[in-house]
Amino acid sequence: MPGIIDAHSHIGLDVVNEATDPNTSNVFVGDAINPFSVSIYRALAGGVTASHAMHGSANAVGGQCETIKHRFGVTDPDDMKMDGAPRTIKFALGENPMRVHGEGNGIVPRTRMGVEQIFRQGFAKAKDYMAEWDAYNANPSGAKAPPTYDLKMETMADILRGDIIIHCHSYRADEILMLLDVLGDYGVKKICFQHVNEGFKVAPELAEYGAGASVFADWWAYKFEVYYSTAYNATILTRNNVTTSINSDSGELIRHLYHEAAKTQRYGDLTDNEALKLITLNPAIQLGINHRVGSLEVGKEGDVAIFNNHPLSIYAVPQMTIVDGVVRFDINSDPDDMRIDVDPEAKISSFIDFHSGAEEDRCMQDVFEYFNDRK
Amino acid sequence: MMIKYIYIFSLLLIANSIAGQQVTKSTYGDVLLKNATVHTVTDGTLNNTDVFIKDGLIADIGNNLSAGRNVTTVDCSGKHIYPGFIDSDTRLALSEVSAVSLTNDFNEIGDLIPHMQALTAVNPNATAIPVTRVNGVTSVIVAPTGGIFPGTASLIDLIGYTPEQMDAGFRGVIMNFPSSARRGRRDSRSDEDIKKAQDKATKKIDEVWDELALYHKIDSAATGNSKAHIKYQPEMDALLPVYRGEFPLMINVSKDKDIEAAINWVTKKGVKAIFIGVSEGYRVADKIAEAGIPVIAGPVLSVPGRAEARYDVAYANPGIMAKAGVKVAIRTGDSENVRNLPFNAGFAATYGMGKEEALKAITINPAEMFGVADKYGSISKGKVANLFVSTGDPFEMKTRLTHLFIKGWNVPIESRHTLLYNEFLKRSPGLED
Amino acid sequence: MKKLIILIWLLAISWVLTGQNVPQVTAKIFIENVTLNTHPGSTPFVGNILVEDGIITNIGPSITPPFDARIIDGDTMHAYAGFIATLSHIGIKEPKEDNQRPKVDRTGYPPNDVAGITPEKSVSDLYIAKEGSIKEYRQQGFAIAQTVPYGKMLPGKGSVISLSGESFDDAVILKDNSMYARWANVRGVFPATLIGIMAKWREMYKNAELLADHAEHYKANPLNRQRPNPDAATEALYPVVSNQMAVYFEAEKHRDIYRTLRLQKDLGFDLVIAEAKDIDRIADKIKENNVRVLLSLDLPKEEKEEKKTSEKEKEGDNVMEGTAGEEEDPEEDKTDQEKDRLLKRKKEAAKRYVSQAKMLADENIPLAFSYIDVKPKDIHPNLRRMAKEGLSESVALSALTTEAATTLGIESIAGTLEAGKIGNLVVLTKPLLDEQAKVKMVVVDGKVHSYDVKEKKKKTSGEEVADVSGEWSYKIEVPGMTPSGTMTFTKSGDTYNLEVTSNQNPGESVSTEDIEIDGSNMMFSYSMDAGGMTITIENDITFDGNTFDGTVSVGDFGSFEITGKKVDPEN
């Protein structure tokens, strides 16, 4: 099958959240790529050849993201990037930004009302900012002091110009509609909702706007805003003509996205082809890279995952994963220890009990490091 | 009369379609399942076989069983019958929404609180119960988490209006064995601090056990009136059945060295134990087998605990232990997604355990571990009618359950998830306001 | 608590020794019959060197001294140009690490100084002439250092100073010549992560460019122009954006270095990568971008081959006492193999780190060192470890002298032994990378600093080294008083942990793990903070049964005799 693409992950990043402000559109997680992360290899061992390395969901306007190819083995972080992939940015609605900023720091947003205003304020200010620069550039006499260069505003302006695809962490139907309203007001078209657990409730609206949906196969009830969820979400969205993908948002799940996609056959009646699209062509469309990857077609990049069984079967085992024509995972010849970088100062081996609640490669990683005097 | 019925009927419909929360009632009665492929687990696979459910039990298994009066007959031609799955460690019904702390009832304050009873906090109306059972999981262990002795676990059936109705009889005291593992990549404790914490906990456990021995002696010597003079000792009361071998001690332990230490401790104290988690069991499988300690492994869908470990060690772990001769059950350790139990078993099956062993790991093996194999864990005459009818291999994703029976109750294949599906697949009103 | 103890000592000592600097009768030094290494790679020759008024005035095989010179015998000794520490905190007091989240109105917009952004800060305001680090580095052969403030993202500007002098103005060679940058942040305020640091750099840099440009226009013609109003931090970056001031960017590991190169490529400043520890895999990019590299002299701890078993216990998992580990282990062979394999990977990694200098030299990348992390006493041993991995003496020497001088732009006045250059030189007992080499003398700005060189006591092989664990009482013979207290040694692997108490200040203690053991001889030192400066207490004691004796030297205050005995000798 085509190499699997994950439209929402945090693997291969040294930093996920710059959680200091409700708007951090000035940061790029592409600056924090860690090509040595074993998580990338583990994803390859699950047939995943590309992923959308995202900023976390601590802020309403998060950082800019990076689409990476899993060229595990390269040492230059830039070699991990998928050159030419469209720019993307993380937005986040609901509990996470409310918790971090409203509850945590006592600043807006503490409610979904506040979250909306972060976007409106960001876009409105960006318009002023663009006008200010246009005025300055129109009169190059040097009489006026230059406006302050503001990287956040630069980014917001680029969103308004249509240069950046928004990927918005979201759960509830109301907040999804809210963002569609805001974007509609500012003429922003490129939007893919992430998680979007209640997307099924507003599937017709999503389809009408042309918004994508990248969902979990079956995560629900781990917090209140996902309490009214259904594992049939992907099916309902697909049946309502929303371009839908299934993502991992986890260093664990990313290893078996083929299994996650297969869940749509237990929860809904998606055909094999529809189910496989959820983890190949559709995420490629959402990332704007479908002309290069996402299907096995002559002329596309050589990203292939090979299984010993039908990939939607529970008995499927990935055998080999190829990225750009290079074998990056081979079940028969890879050694157990695939670390590229060994720390000469660390213990030779150390065991982490992940079941004891470690947050790894997840949306809220790095947040409580900086705020743990609150917890 | 008729009008009234229609009225009630339509009310029910509205309740189901708009509220979308409450599943339809289960029904009780005698049922004859005809012409199924019966996967008994303990007696092989029987083709074209009938299973007769009566009074909540599997009354008969055979060919061409005849239905008496008031027996519902279900044609199961081309379908499969499996015993209900057992998840050997969960927080199901102890937590409604895990991020909302006040809905979590599995982690009480205190290190030594074995008297905390998980069964007490089971919410029979937890939304996750129907969600879980429609994937064939009919019984689960509900277990507290937390300090060294966080409480007592129970086995429950996923049907009933009260905890008592759900109680399947088994009790086990949970213990978290002193751990030398790191709690995450950002666990910045020094090796010395970890060792210190581990030593401190070990010392505490030994102290508890010495005190427990004394308590056992006093309690055994006391008769009649003198029993009343024994001080109120809820902790010791809860541990006494463990000391006397009546309940097993269910020990959470993960890392290889900790597993070895736990084996030594259990052997030294002569405790009847079951290990839980055991994510590095694959490194010491022979030792666990030799000690004869059964293991509840999982979650199978986990990342390796060591950066240098092969990517699939968590998938392969149950199989490696089973091959070494360890009796293995599989858990999800989950609360809302216990429904993934068959898929955890499926991954274990795929990565070396084999279908048959993996099936045992969520049926008869846990039943034996919990001392309830006379009632649970297989399709056998006289056992509790916890079973389901499916269109195929229940580990496979495409397979659907068509019928589900728990304690003989015919449970609808419905949950919040299916109800929302039915309501929203074709939303009405759609776009037009 | 440390402070209290040392203050008591200081009071006692200074009462005796206040201001007793012996007047120097001449400013001319003539070292004769010394093996002269004038440049890295030059052929050494035996000759004489004359330093007058802080300047090398003559050097040669047969020059003669003026009548009024101090003549120093350099026979069997080896002279090199005084070393130059290319990047360090020498002469600056280390502030207490404060890991608290600062209180700010908005964590996304903290004041610059709260966020660790103080590029305007100058060493001139921070320098302390009596700071212990100046003496410590001088004792290792250093005569000049570029020193930078402590801090986070942009701690401030560096200055080049002489390791001599009574004040900053006295010591300074180049003031505010460089910008120091780090991948470090203040907790909980922007920039709280490396991606925040990247963003902050991009934004500040662009604004500095815009404002510097505007300021230039304004300077040329202020009429009809808005007055530029930069904040202190932005203004401090003007010389950086105009490439008049290099950025010394601390970047230890591979990824940090890549990120630094990325910033440099995007923004275009002059870059010196400092504290590099893992850079060989980026050699091509380094060459391509033509940036300078300062390697860290802080190396991974050495694995001790012969101590395999105990080492493994240390490195491997903790074994619970009395449980696992005692038992016979039938799988020991299997786990042994695994451990060996993992240990091998770790050792390979360590070897790679120690080989960095050699690998860069092989790639013809000029290199010097930086001195942020390394402990002064580890400098020479670590150079020798690098030499074992193939680093040549000439490259090592150039990194300590000529390349350092070139990096700092002072190559015309320092870095070699040539007439006309600053009178900075170091005299060693053996050639630079020799295992036995000790610093005998360091001349800084023509001032002589001599050191006692003790012959290493011969360790009889097979000699049973007594275990000195336990409590010892000690007395120090300071004229006028006798400080005393206890030293408690606790065995830890093949070395000890030591806790020192003072009877002058009961209830307080200092501890150290930094102990060098050679047979019955033991050397250890600990640094103390005493009223604004760091003082190093160095002990050199020899055990004999239940007693010990030796010397203890206290900062600049001199050396004193110390004696001790076991408090509760067994038998």
Inset, instruction - Calculate, for C:ASP73 and C:ASP518, the FRET efficiency according to 1/(1 + (r/R0)^6) with r their C-beta to C-beta distance and R0 35 Å; round to the nearest 0.05. - result: 0.80
Inset, instruction - State which stretch of chain B is the longest one without any exposed chymotrypsin sites (Phe, Trp or Tyr not before Pro), exposure meaning a DSSP loop state and at most 16 other Cβ atoms within 10 Å. - result: B:233-433
Inset, instruction - Under a cut-off of 18 Å between alpha-carbon atoms, report the aspartates and glutamates in cross-link reach of C:LYS438, not counting same-chain residues fewer than 8 places apart. - result: C:ASP73, C:ASP75, C:GLU136, C:ASP378, C:GLU393, C:ASP452, C:GLU455, C:GLU516, C:ASP518, C:GLU538, C:ASP540
Legend entry - Where C:ILE72, C:ILE55 fall by accessible area, highest first, once all protein chains stay in place (1.4 Å): C:ILE55, C:ILE72
Legend entry - Distance in nm between pseudo-label sites at C:ASN364 and C:ASN58 (7 Å out along the Cβ direction from Cα): 4.1 nm
Legend entry - DSSP bridge orientation in region B:85-376 - percent antiparallel, rounded to nearest 5: 30 percent
Legend entry - Alpha carbon Rg of region C:69-219, scaled by the compact-globule rule 2.2 N^0.38 Å: 1.32
Legend entry - Where A meets C: accessible area buried, both sides, 1.4 Å probe, Å²: 4700 Å²
Inset, instruction - Give me the percent of Cα-Cα pairs in region A:4-371 that sit more than 32 Å apart, rounded to a whole number. - result: 31 percent
Inset, instruction - Report the convex hull volume per residue for region B:85-376, counting only C-alpha atoms, in Å³. - result: 140 Å³
Inset, instruction - Would you rank B:ARG283, A:ARG255, C:ARG227 by solvent-accessible area, highest first, keeping every protein chain in place and using a 1.4 Å probe? - result: C:ARG227, B:ARG283, A:ARG255
Legend entry - Within the protein assembly as shown, percent of DSSP bridges classed antiparallel, to nearest 5: 60 percent
Legend entry - Coil-residue trypsin sites (Lys or Arg not before Pro) of region C:38-133, DSSP, other Cβ within 10 Å capped at 10: C:LYS96, C:LYS103
Legend entry - Shape call, region B:134-230: gyration tensor on alpha carbons, a/c limit 1.5: oblate
Legend entry - Candidates per GluC sites (Glu not before Pro) in region A:264-340, loop by DSSP, up to 16 other Cβ within 10 Å: A:GLU297
Legend entry - Accessible area, probe 1.4 Å, largest first, for residues B:LEU425, C:LEU417: B:LEU425, C:LEU417
Legend entry - Point-to-point label distance, C:LYS301-B:ALA213, nm (Cα→Cβ direction, 7 Å offset): 3.8 nm
Inset, instruction - Divide the volume of the convex hull of the Cα atoms of region C:169-271 by its number of residues and quote the answer in cubic angstrom per residue. - result: 142 Å³
Legend entry - Cleavage-rule hits, GluC sites (Glu not before Pro), region C:87-152, DSSP coil, Cβ neighbours within 10 Å at most 13: C:GLU97
Inset, instruction - Report the longest stretch of chain B that contains none of the GluC sites (Glu not before Pro) sitting in a DSSP loop with at most 16 other Cβ atoms within 10 Å. - result: B:247-431
Inset, instruction - Extending each Cα 7 Å along its Cβ direction at A:LEU177 and C:MET481, get the distance between those two points in nm, one decimal. - result: 8.1 nm
Inset, instruction - Could you compute the FRET efficiency for B:ILE109 and C:THR490, with r as their C-beta to C-beta distance and R0 at 45 Å, rounded to 0.05? - result: 0.75
Legend entry - Spatially proximal lysines relative to B:LYS227 (Cα-Cα < 17 Å; intrachain offsets below 8 disregarded): B:LYS217
Inset, instruction - Round to the nearest 0.05 the FRET efficiency obtained for B:GLU246 and B:ASP199 when R0 = 35 Å and r is the Cβ-Cβ distance. - result: 0.70
Legend entry - For the protein assembly as shown, convex hull volume per residue from C-alpha positions, Å³: 221 Å³
Legend entry - Fraction of beta bridges assigned by DSSP in region A:4-371 that are antiparallel (%, nearest 5): 40 percent
Legend entry - Kyte-Doolittle mean at least -1.0 and Cα axial length at least 27 Å: DSSP H helices in chain A: A:112-138
Inset, instruction - State which entries of B:LYS269/C:LYS491; A:LYS125/C:LYS157; C:LYS130/C:LYS375; A:LYS127/C:LYS206 exceed 24 angstrom in Cα-Cα distance in the structure shown. - result: B:LYS269/C:LYS491; A:LYS125/C:LYS157
Legend entry - Sequence-distant lysines (8 or more away, or on other chains) whose Cα lies within less than 25 Å of A:LYS277: A:LYS69, A:LYS81, A:LYS90, A:LYS189, A:LYS190, A:LYS201, A:LYS263, A:LYS300, B:LYS398, B:LYS426
Inset, instruction - Could you tell me whether region A:151-210 comes out rounded, prolate or oblate from its Cα gyration tensor? Rule is a ≥ b ≥ c as square roots of the eigenvalues, rounded for a/c under 1.5, then prolate if a/b exceeds b/c, otherwise oblate. - result: prolate
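The values are calculated or read from the model by the stated rules, or taken from the named source; none is laboratory data. These figures come from a predicted structure and were not determined experimentally. Glycine also receives a Cβ, built like all others from the backbone with ideal geometry; neighbour counts cover every protein chain displayed. Please note that ligands, DNA and RNA were not included when accessible areas were found on the heavy atoms of the full protein model with its side chains. Shrake-Rupley method; radii C 1.70, N 1.55, O 1.52, S 1.80 Å.
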